[in-house]
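Chemist: Below are the C-alpha cells for one structure; questions will follow.
The values are calculated or read from the model by the stated rules, or taken from the named source; none is laboratory data. The structure displayed is predicted, hence computed values, not measured ones. Heads up, the Cβs are rebuilt from the backbone with ideal geometry, glycines too, and the neighbour counts pull from every protein chain shown.
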2 protein chains.
Amino acid sequence: MTARDITTEDIEDLAAGAWVLGTGGGGSPYLGLLNMRRLYADGHCVRLMPVDDLDDQDWVAAVSNMGAPLVGQERLTDSRTIARAVTLMESHTGYRFRAIMALEIGGGNSIQPLMAAAHLDRPVVDADMMGRAYPEAQMTSAAVGDLRPYPLATVDVRGVEAIVERVPSWTWMERVSRRICVEYGSIASTCKAPRTGAEVKRWGIRGTTTKAIAIGRALRLARVGHADPIAAILAVEPGKVLFQGKAIDVERRTTEGFLRGKARFDGAADWRGTRLEIAFQNEWIVAWLDGEPIAMSPDLICVLDSVTGEAVGTETVRYGQRVTVIALPPPPVFLTPRGLAHVGPAAFGYDMPFRGVFTP
Amino acid sequence: MTARDITTEDIEDLAAGAWVLGTGGGGSPYLGLLNMRRLYADGHCVRLMPVDDLDDQDWVAAVSNMGAPLVGQERLTDSRTIARAVTLMESHTGYRFRAIMALEIGGGNSIQPLMAAAHLDRPVVDADMMGRAYPEAQMTSAAVGDLRPYPLATVDVRGVEAIVERVPSWTWMERVSRRICVEYGSIASTCKAPRTGAEVKRWGIRGTTTKAIAIGRALRLARVGHADPIAAILAVEPGKVLFQGKAIDVERRTTEGFLRGKARFDGAADWRGTRLEIAFQNEWIVAWLDGEPIAMSPDLICVLDSVTGEAVGTETVRYGQRVTVIALPPPPVFLTPRGLAHVGPAAFGYDMPFRGVFTP
C-alpha cells in the first residue's frame, strides 16, 4: 500500500466496518461520521499513511475516547476535543507528532484520529493497537510489548485537561486515567503515550484502517446488490457464524466508567431451541451457547443485524432485534501467552482457559 | 520579622501549634514531626522567610497532602514524596521555585513544606492560604482571590504522578484532583498551582508558621510550668472557650476521599447538663450546643484535650476523652462575602447563615 487520500466514501465504509470490528464497543461511529462529513464538506481531507512510511524516530499520537459507550451516545461529539488531546500532549512533551493513529480501530474510535488529523493537518497511520476494541488501557499491543505506558493526556468538553505523567504499571495507568474519565462524566478524549515510528512498526497492528474500510465496503456493496451482508463480510474476512436468533433480554449498567452487562438471544434457523448469552464490558467478551462457552476474547465476537449486517453495539442492543453472531480471528499478538494474560477471559474475570474459535 | 533558621524546638512547637490550628484536620503532624527530627539529625536545616522577602516575580510552590486524615495515620509518611510533587511541578512548568509554602498551616500540612524544603534546599515562606485547615481545593485565599487554579501536580508513594493541567473553575480542580487522590488510596502529595511572589504578598495569609510555633510554644511552657494549657493558648491567641465535657459518641466514615461524621460531647464544669455536637468533614465545621449552632466555619473550632491542651483530631477523637472546645478568629479574607461563599456553612451543605463567634 502507498499513502493515499481517504475519500468520503472511505469514511462511510470505515464507520460501518469499524463498528463490526468494535465487537459491540468502541462507541457508535455515527456521531464521528457526521463530524467527518462536515469536515470534508468544509474542505478538509485526511491522508492515510502506511506504517512503513514512518521513520523510526517519528513521534506518533495514538488517540481514543475512553469511557462508557452509552455516555458517548448522549454527549454529542465535538471534533475539536480529540485534537485538543493531541495538542495538550505536544505542549506537555515538546514533541511534534508526525502522524496520528487509532488506539483501537473498533467503533467510533476508528474515526477519532481522522477528526484530530483534519484539525491538525497530519496524516493518519494505517494501524492501531488493538485490531478491534477493548475496554481497558492495558489491553493493547503496546502493553503486551511492555512499552512505556505514560504519559497520557485527557481532555473534556468543559475545558478540563489532566495528564497522567508517570505510573509504575499499565494497570495503574488504567486505574488513574479511569478515575479521571469517570469524573469527566465517564467520557474523556485521550492522547495515549507517544509512540515512536519504530515502536509502531514493531507493535502496531497493521492495515486495520484499510481492513475496516474493506468490511464496510463489502456491507455497502451487498446492500446495493441485495446480497447477504453476513456472507459479504465473511467473503473479505475469514470468520465463522456462531449463532442466529433474537434478543430476548438485556441487562446493562454504566458503572465505574464502563458499560457492563449481559444479553440473551433465542435461537432461529439452525439454532432454533438453543439460547446464546453474551457477557460484555463495553465489548462482547464471552459467549455461551446453552451454558457452554463457544467464543471468548481475544476472538472477535460480532453481533450483527441479520438483515442489514450492521453491527449491534452493547449500548444499543435491545429486545426483539434479529441478529447473527459471528467470530473473527484476533491479531496474533493477543494469542501469545503475554497477549492472553492481557486480554484472555481471565483478564475480564472469567475463570476459564482460552479456547479459540480459530485455533486447534 | 527577618529570615531565620527554624530550630528543632520550633519544629516541635510548630507540630503542636499547627495541630490546634488544624481544627481537627490537616492530618496529625506526628509522622511529619518524626521525619523532620530525622532530617535535622542528618544535618538539614530549613530557613523561614518572611513574605516581604519575596520578589514579585518569584515562583512559590504551595504544597499539601490531600485526602482523608485517617488514611494519613495508616500510611506512613516518606518525606521525599512531597519533594517529588515540587520537582514534578518544576519539570512540568519549567519554573524554578524560589521558596516553598504551606497550602494550609493546620495539622500535618504545616510540616509538609519543611520536608520538601529540607530535601530541595529552599526556604519556607511564613504564610499559607488557609490560616487553618480546610478540606477542599477551593477553600483557600487563592480561590477567594480568583487566582488561577491550575496546574496541580500529584504524586503517590508508588511512583504514580498526575497533573491537572487546566480546569474551568476551582470546583473542577477539586473534583478532578479528588478523584485522583481517591485512586491513590485517599492520600496524595500535591504541589498546587504555582504562585508568584506578588500573589503571595496580596493573598497569602501572613505569619501563620510563626503563629503556629507561638501556640505550640505556649503549650510547651504551660506543660513545663504546670500551668493551664488552654489559658496559655488564649494568652497568645484571642479565642473563646465554647464548651468543656467528655466525648460520648463518634460517627466516622472515610468516603469520597474525605473523613466525615459527627462527634457528641456531654458537658462538664459550667456546661454540666448540656450536650455539644460537632459535624466534621476532615475539619470541625459546625458546633451545636443543645441543638443551637454556636460556632461554624470559617471560625476555627478547636477541640483540645482538657488536661494537656493538645488538639484532638477528627480521626483520633474517641469515647471518654475529656475535651475543651475553643473558637479562634479566622483570617479576615474568609469573612468577606466572597470568602463566606467559599468556606461559610453553606459551602459545607449547612443551610444556615454565618454567625461568627467574634463578629457582632
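Chemist: Specify the residue that is nearest to the other protein chains (Cβ to nearest Cβ); the eligible residues are those in the stretch B:106-126 that are polar (S, T, N, Q) and closer than 20 Å to B:VAL182 by Cα.
Modeler: B:GLN112
Chemist: Can you confirm whether B:PRO113 is buried (at least 24 other Cβ atoms within 10 Å of the Cβ) and touching a Phe, Trp or Tyr at 6+ places or on another chain (Cβ under 7 Å)?
Modeler: No.
Chemist: Within the stretch A:174-206, take every residue that is among the aliphatic types (A, V, I, L, M) and outside any helix (DSSP H, G or I) and give me the one that is farthest from the other protein chains (Cβ to nearest Cβ).
Modeler: A:ILE205
Chemist: If you scan the stretch A:331-340, which residues turn out to be out of contact with any Phe, Trp or Tyr (no Cβ under 7 Å at 6 or more places or on another chain), surrounded by fewer than 24 Cβ atoms within 10 Å (Cβ to Cβ) and touching a residue at least 24 places away in the same chain (Cβ under 8 Å)?
Modeler: A:PRO331, A:VAL333, A:LEU335, A:THR336, A:ARG338, A:GLY339
Chemist: Can we say B:VAL323 is buried (at least 21 other Cβ atoms within 10 Å of the Cβ), of a type in the set (Val, Ile, Thr) and outside any loop (DSSP other than H, G, I, E, B)?
Modeler: Judged against the criteria, B:VAL323 is a match.
Chemist: Something else: Considering only residues that are away from chain A (no Cβ under 14 Å), within 22 Å of B:GLU90 (Cβ to Cβ) and more than 13 Å from the chain's Cα centre (by Cα), which ones fall in the stretch B:127-165? Give the derivation first.
Modeler: Filtering the stretch B:127-165 for residues away from chain A (no Cβ under 14 Å) gives B:127-136, B:138-147.
Next, from what is left, pick out any that are within 22 Å of B:GLU90 (Cβ to Cβ): B:127-129, B:140, B:142, B:147.
Those that are away from chain A (no Cβ under 14 Å), within 22 Å of B:GLU90 (Cβ to Cβ) and more than 13 Å from the chain's Cα centre (by Cα): B:ALA142, B:LEU147.
The rows are residues; the columns are (1) within 27 Å of A:PRO149 (Cα to Cα); (2) at pLDDT 95 or above; (3) buried (at least 17 other Cβ atoms within 10 Å of the Cβ); (4) not assigned by TED's automatic domain parsing to the domain that holds A:GLU283.
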position: A:ALA18; (1), (2), (3), (4): yes, yes, yes, yes
position: A:MET36; (1), (2), (3), (4): no, yes, yes, yes
position: A:ASP42; (1), (2), (3), (4): no, yes, no, yes
position: A:TRP59; (1), (2), (3), (4): yes, yes, yes, yes
position: A:MET66; (1), (2), (3), (4): yes, no, yes, yes
position: A:LEU70; (1), (2), (3), (4): yes, no, yes, yes
position: A:ARG84; (1), (2), (3), (4): yes, yes, yes, yes
position: A:ARG96; (1), (2), (3), (4): yes, yes, no, yes
position: A:ILE100; (1), (2), (3), (4): yes, yes, yes, yes
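Chemist: Has the stretch A:260-269 got at least one residue that is farther than 19 Å from A:SER297 by Cβ, away from chain B (no Cβ under 14 Å), in a loop (DSSP other than H, G, I, E, B) and out of contact with any strand residue (DSSP E or B) (no Cβ under 9 Å at 6 or more places or on another chain)?
Modeler: Taking every residue of the stretch A:260-269 in turn, none turns out to be farther than 19 Å from A:SER297 by Cβ, away from chain B (no Cβ under 14 Å), in a loop (DSSP other than H, G, I, E, B) and out of contact with any strand residue (DSSP E or B) (no Cβ under 9 Å at 6 or more places or on another chain).
Chemist: Another question about this same structure. Take the residues in the stretch B:344-360 that are aliphatic (A, V, I, L, M) and more than 17 Å from B:TYR134 (Cβ to Cβ), then tell me which one is nearest to the chain's Cα centre (by Cα).
Modeler: The qualifying residue nearest to the chain's Cα centre (by Cα) is B:VAL357.
Chemist: Give the stretch A:180-197 a look and list any residue that's closer than 14 Å to B:VAL164 by Cα and either surrounded by fewer than 23 Cβ atoms within 10 Å (Cβ to Cβ) or free of Cβ contacts under 8 Å to residues at least 40 places away in the same chain (or both), or say none.
Modeler: Hits for the stretch A:180-197 are A:ILE180, A:GLU183.
Chemist: As an exercise: evaluate B:ALA118 against (1) more than 24 Å from B:ARG260 (Cβ to Cβ); (2) assigned to a strand (DSSP E or B) and give the number of the one condition it does not meet.
Modeler: Among (1) more than 24 Å from B:ARG260 (Cβ to Cβ); (2) assigned to a strand (DSSP E or B), B:ALA118 violates only (2).
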